[in-house]
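Just so you know, all these numbers are worked out from the coordinates, no wet-lab data involved. Quick caveat, the model's predicted, so the values are computed rather than measured. Cβ atoms come from the backbone with ideal geometry, glycine included; neighbour counts cover every protein chain shown.
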Amino acid sequence: LGEFEHLLLLALLHLGSDAYGTSIRDQIEERTGRAPSPGAIYTALARLERRGLVGSRLGDPTPERGGKRKRLYTLRPQ
């Protein structure tokens, strides 16, 4: 795994079961001072999910998002 994947895994560990793209980005920015693009985050999360390190599910719709559901990410035991 590369440095960015490690940052994602640490962010997921810190955020717990309600981690989603924006909260992951905010966590990484808070810890490193760098704000990765959403595309980089979702691409790396998909790669980690294919490797079995991360799982995802759709959350409940929220009024703040116009009824859209968030994709929530969690660490999987390896």
Can you check what the Kirkwood hydrodynamic radius comes to for the chain, Cα pairs only, in Å to one decimal?
12.7 Å
Within 10 Å, count the other beta carbons around each residue, average over each peptide in 14-24, 60-70, and list them highest first.
14-24, 60-70
Run the simple label-point estimate for residue 47 and residue 10 please: 7 Å along Cα→C-beta, distance reported in nm.
1.7 nm
Under 14 Å from the Cβ of residue 75, count the other residues' Cβ atoms, weight Lys and Arg +1, Asp and Glu -1, and hand me the total.
0
Local net charge near residue 60, Cβ-Cβ under 13 Å (Lys/Arg +1, Asp/Glu -1):
+4
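Remind me, relative contact order of the chain in percent, using alpha carbon pairs under 8 angstrom and six or more residues apart?
Averaging sequence separation for qualifying contacts and normalising by length gives 32 percent for the chain.
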